[in-house]
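Okay, structure first, notes after.
The values are calculated or read from the model by the stated rules, or taken from the named source; none is laboratory data. Being a predicted model, the structure only gives us computed values, none of them experimental. Note that we place each Cβ from the backbone using ideal geometry, even for glycine, and neighbour counts take in every protein chain shown.
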Amino acid sequence: MTQYIVRRFLGLFPTLFVIITISFFIIRVAPGGPFAREKELPPQVLANIEAKYNMDEPLIVQYGVYMYNIIRGDLGPSFRYQDRDVNYYVFNSLPASMFLGLVSLSIALVLGISSGILSALRQNKLADYLSMSVAVIGISVPLFVIGPVLMYFLAIRWQLLPTSGWIGGRNGWAPLIMPAITLAFPYFAYIARLTRASVIEVLRSDYIRTARAKGLRESVVIVKHVLKGALLPVVSYLGPAFAGIVTGSVVVEQIFRVPGLGRFFVQSAFNRDYTLIMGTVIVFSVILIVMNFLVDIVYALLDPRISYK
Amino acid sequence: MSNMPSSPDTQSAPDGATNEFDQPVEGVSLTKDAWRRLKKNHMAMAGLVLVIIYAVLSITAPILPIHSFRHQVSVHRDLPPSFTKTAGELWYERVENRMTLLAERDGRSQLNAEERAELAEIRDRIETERRVIDGEEVLVHQRRYLLGTDHLGRDMFARILYGGQISIAIGLIGTITSVFIGIVLGAIAGYLGGKTDYFIMRFVDVMYGLPYMLVVIILMAIFGRNIFNLFLALSLVSWLVVARVVRGQIMSLKNSEFVEAARSMGASQTRIIFRHLIPNTAGIIIVFATLRIPAFIMQESFLSYLGLGISAPFASWGSLVSEGVNRMTSTPWQLFFPAMAMTLFLFAMNFLGDGLRDAFDPHSKNRL
């Protein structure tokens with residue numbers, strides 16, 4: 001098992017390396033640059049600026065320099081915001097994004113699993129139809145519709161919650177509620193459907209029949225036997241779910257003006273702020289890769305059928 | 001007469017095959033069997049009917065008697081949906097209301113001569129004004145906008161219909177591309193095994209670790225928003241799942257008797273892969289494809305919201321919805337109708353996909 005973990009851990013670095021390399025070259029070969037303006041700069045000025053950012057050297061040299069800096073943990077200076085470097089922006093906005101993501105994932109997991117189990121146990125009854133209808137809405141309605149609609153009713157119409165801002169302000173924890181619900185909704189829906197389907201499947205299996213035949217109480221059968229088998233697909237869905245939540249945060253942070261990493265993402269891509277895009281991509285990728293790694297290990301621990309070779 | 005056969009004579013299957021419930025079973029193909037089970041699933045069938053209706057509407061859109069989706073009538077901006085009133089009547093009402101409001105604010109009980117003259121001119125224009133739209137001369141103010149107009153005075157119904165055409169096309173083309181790449185690479189990796197398999201699957205693993213939508217966002221932001229880039233970006237990474245599934249299926253099938261038989265008869269490797277192995281993965285691929293289409297439509301709408309999707313004058317459901325969201329409070333129909341159209345289609349596709357998954361589930365083979 002330890003060997004499996006170590007091997008999987010070492011495997012993370014090539015993936016990260018490939019991601020950084022691919023993004024670096026995709027971003028650089030594209031037409032336009034961070035200093036391309038509607039009004040062209042005089043060639044001499046442009047050359048001076050490019051020299052300052054090492055952009056006059058061949059691409060491969062720039063790549064080498066960039067990689068060397070990354071290994072030292074330096075994401076470079078921003079091309080657009082000249083007062084601070086990328087590390088400052090990335091690590092100041094990362095906590096808000098991480099916190100929002102983790103809260104959303106927890107909401108999605110707790111509500112999704114419990115309503116999935118409820119649906120499976122009350123199959124084709126009212127509770128089942130109700131929670132599955134909510135789940136289908138979650139899958140079919142985009143985030144950027146759910147967010148503004150929530151905002152319209154809860155914040156503007158009924159004035160229950162603040163429209164934007166973040167925790168720690170004068171509104172306490174209230175600004176967290178709407179972004180977290182919006183971001184959690186689609187993943188709640190997926191997890192609920194997944195849980196329902198796999199609980200139903202496990203309920204039909206032979207070992208559950210055996211457990212019941214032994215005369216175990218229904219609650220023991222459900223908690224000890226059904227859930228253990230039925231939650232495996234949910235665990236393996238956690239990786240994609242987290243990836244989706246990270247991506248979704250790009251939109252949700254824009255809607256609710258959350259001071260997170262996502263809001264930089266699109267803007268920096270439009271601005272061709274090479275280092276800031278790269279910094280965001282790298283941080284997001286590290287988070288995703290580490291999450292996938294943890295999920296794999298949890299899965300391997302839970303499922304005795306998986307061999308670690 | 002009971003449904004259960006009591007003696008072999010009553011069985012319909014000539015070879016007398018039965019399933020574990022002693023029900024007679026005919027030798028049917030996988031797809032036929034799945035279709036029979038799908039027909040019993042009401043939600044899935046409702047989904048299928050809806051999908052067909054959408055498909056027919058999108059294909060026949062150019063010959064349907066609808067207004068132009070790109071022609072702007074500036075005085076028809078933001079007209080609410082109406083079945084009974086013409087655009088002219090709504091326009092007139094709006095101008096009249098605004099004038100009355102202004103007059104009240106100035107403390108006048110009646111409109112002044114200037115305002116009355118303007119209203120008269122509008123009445124005149126409503127009766128007579130003609131415009132050439134798409135080569136046809138029409139009395140433009142006699143139009144009816146069933147679903148209202150957008151902020152530039154374009155018919156919402158036409159925009160939703162044509163937007164659906166683009167959204168569905170994105171879903172279809174993206175899915176076909178990703179399924180094609182996935183099948184070819186997955187089949188090659190699964191069948192050849194060894195080093196080829198190792199390299200293809202390591203590549204798939206690395207790509208899997210990519211933050212997919214973030215890459216798509218970068219591609220769209222940097223290479224510009226056109227439909228070709230959109231397809232390319234969306235299908236670039238989505239083939240991974242197909243490749244993995246197909247590879248798994250093929251690995252489990254490649255040592256089976258029918259493949260051995262084909263090989264012993266001298267069939268080439270390509271023939272074995274494409275004629276014998278891939279058709280056996282059809283069920284899984286059909287299911288994947290139906291669930292992939294709504295996912296693509298959703299992703300395109302996500303990009304549209306960020307301003308990276310389809311650009312004007314063309315529209316997709318995503319771009320319509322994201323435009324509608326910004327004007328939600330003043331002109332709610334601009335959000336409601338496209339969102340309904342899109343959601344309904346995604347509902348239908350999801351139900352159909354779920355139904356297909358159950359229908360193709362090998363555990364239910366030959367169950368009635």
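When the residues of the range A:153-176 are filtered to those that are assigned to a helix (DSSP H, G or I) and surrounded by fewer than 17 Cβ atoms within 10 Å (Cβ to Cβ), which remaining residue is farthest from the other protein chains (Cβ to nearest Cβ)? It would help to see each step written out before you state the result.
We begin by selecting, within the range A:153-176, every residue assigned to a helix (DSSP H, G or I); these are A:153-157, A:174-176.
From what is left, the residues that are surrounded by fewer than 17 Cβ atoms within 10 Å (Cβ to Cβ) are A:153, A:156-157, A:174.
Working: A:F153: 11, A:I156: 8, A:R157: 9, A:A174: 22 Å.
The qualifying residue farthest from the other protein chains (Cβ to nearest Cβ) is A:A174.
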Which numbered condition B:H151 fails, given (1) surrounded by fewer than 19 Cβ atoms within 10 Å (Cβ to Cβ); (2) more than 14 Å from chain A (Cβ to nearest Cβ); (3) part of a helix (DSSP H, G or I); (4) touching a residue at least 12 places away in the same chain (Cβ under 8 Å): (3)
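Yes or no, residue by residue, for (1) more than 12 Å from chain A (Cβ to nearest Cβ); (2) among the aliphatic types (A, V, I, L, M):
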| site | (1), (2) |
| --- | --- |
| B:V259 | yes, yes |
| B:I273 | yes, yes |
| B:T281 | yes, no |
| B:F296 | yes, no |
| B:G309 | no, no |
| B:E323 | no, no |
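Select from the range B:221-247 the residues that are assigned to a helix (DSSP H, G or I) and of a type in the set (S, T, N, Q) and write down the one among them that is farthest from B:F203 (Cα to Cα). Give the derivation first.
Our first condition is that a residue be assigned to a helix (DSSP H, G or I); within the range B:221-247, this holds for B:221-223, B:227-247.
Right, trim to of a type in the set (S, T, N, Q) and you get B:229, B:235, B:238.
On the way: B:N229: 22, B:S235: 16, B:S238: 14 Å.
Per the criteria, the residue is B:N229.
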Some residue of the range A:211-226 being touching a residue at least 60 places away in the same chain (Cβ under 8 Å) and of a type in the set (S, T, N, Q): no
All positions within the range A:131-152 that are without any contact (Cβ under 8 Å) to a residue 12 or more places away in the chain and either part of a helix (DSSP H, G or I) or more than 7 Å from chain B (Cβ to nearest Cβ) (or both): A:S133, A:S140, A:V145, A:V149, A:Y152
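I'm trying to understand the selection: among the residues of the range B:204-216, which are part of a helix (DSSP H, G or I) and either under 18 Å from A:F25 (Cα atoms) or facing chain A (nearest Cβ under 9 Å) (or both)?
Listed by number, the residues that qualify are B:D205, B:V206, B:M207, B:Y208, B:G209, B:Y212, B:M213, B:L214, B:V215, B:V216.
Please go through the range B:217-243 and pick out each residue that is within 14 Å of another protein chain (Cβ to nearest Cβ), touching a residue at least 60 places away in the same chain (Cβ under 8 Å) and either surrounded by fewer than 21 Cβ atoms within 10 Å (Cβ to Cβ) or not aliphatic (A, V, I, L, M) (or both). Show your work before the answer.
Residues of the range B:217-243 that are within 14 Å of another protein chain (Cβ to nearest Cβ), as a first pass: B:217-226, B:229, B:232-234, B:236-238, B:240-241.
Next, only the ones that are touching a residue at least 60 places away in the same chain (Cβ under 8 Å) stay: B:217, B:220-221, B:225-226, B:234, B:238.
Passing the criteria: B:R225, B:N226, B:S238.
What do you reckon, is A:L121 at pLDDT 85 or above, crowded, with 17+ Cβ neighbours inside 10 Å and farther than 27 Å from B:N326 by Cβ? Explain how you work it out, then say what you get.
Details: at pLDDT 85 or above: yes; crowded, with 17+ Cβ neighbours inside 10 Å: yes; farther than 27 Å from B:N326 by Cβ: yes.
When the stated conditions are applied, A:L121 passes them.
Tally time: how many residues in the range A:264-277 are in contact (Cβ under 8 Å) with a residue 40 or more places away in the chain and either over 17 Å from the mean Cα position of the chain (by Cα) or more than 11 Å from chain B (Cβ to nearest Cβ) (or both)?
As a first pass, look at the range A:264-277 and keep what is in contact (Cβ under 8 Å) with a residue 40 or more places away in the chain: A:264, A:268, A:271-277.
Filter once more, so that each one left must be either over 17 Å from the mean Cα position of the chain (by Cα) or more than 11 Å from chain B (Cβ to nearest Cβ) (or both): A:264, A:268, A:271-276.
Qualifying residue count for the region: 8.
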Candidate set: the range B:327-358, residues that are more than 8 Å from every other protein chain (Cβ to nearest Cβ) and without any contact (Cβ under 8 Å) to a residue 24 or more places away in the chain; chosen: the one farthest from B:H151 (Cα to Cα): B:M340
Options A:G260, A:G229: the member that is more than 12 Å from every other protein chain (Cβ to nearest Cβ) and more than 21 Å from B:L210 (Cα to Cα): A:G229
Hey, A:F284 under 26 Å from A:D74 (Cβ atoms), at the interface with chain B (Cβ under 9 Å from one of its Cβ atoms) and aromatic (F, W, Y) or not: yes
Odd one out for A:Q123 among (1) under 24 Å from A:R196 (Cβ atoms); (2) part of a helix (DSSP H, G or I); (3) touching a residue at least 12 places away in the same chain (Cβ under 8 Å): (2)
Residue among B:I173, B:I250 that is away from chain A (no Cβ under 12 Å), surrounded by fewer than 20 Cβ atoms within 10 Å (Cβ to Cβ) and part of a helix (DSSP H, G or I): B:I173
Condition check for B:I188: of a type in the set (V, I, T), within 14 Å of another protein chain (Cβ to nearest Cβ) and farther than 23 Å from B:T290 by Cβ: no
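Would the range A:47-63 turn up any residue that is over 16 Å from A:L276 (Cα atoms), in contact with a Ser or Thr (Cβ under 8 Å, 6 or more places away or on another chain), away from every other protein chain (no Cβ under 14 Å) and surrounded by 14 or more Cβ atoms within 10 Å (Cβ to Cβ)?
As a first pass, look at the range A:47-63 and keep what is over 16 Å from A:L276 (Cα atoms): A:47-52, A:56-61.
Now restrict to residues that are in contact with a Ser or Thr (Cβ under 8 Å, 6 or more places away or on another chain): none.
Within the range A:47-63 (the criterion being over 16 Å from A:L276 (Cα atoms), in contact with a Ser or Thr (Cβ under 8 Å, 6 or more places away or on another chain), away from every other protein chain (no Cβ under 14 Å) and surrounded by 14 or more Cβ atoms within 10 Å (Cβ to Cβ)), the answer is no, since none of the residues qualifies.
For A:V290, are the conditions met, namely being buried (at least 20 other Cβ atoms within 10 Å of the Cβ), within 11 Å of chain B (Cβ to nearest Cβ) and aliphatic (A, V, I, L, M)? If you could, list the steps in order and put the result at the bottom.
Values: buried (at least 20 other Cβ atoms within 10 Å of the Cβ): no; within 11 Å of chain B (Cβ to nearest Cβ): yes; aliphatic (A, V, I, L, M): yes.
It is false that A:V290 is buried (at least 20 other Cβ atoms within 10 Å of the Cβ), within 11 Å of chain B (Cβ to nearest Cβ) and aliphatic (A, V, I, L, M).
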All positions within the range B:310-354 that are within 18 Å of the chain's Cα centre (by Cα) and over 17 Å from B:L161 (Cα atoms): B:F347, B:M349, B:N350, B:F351, B:L352, B:G353, B:D354
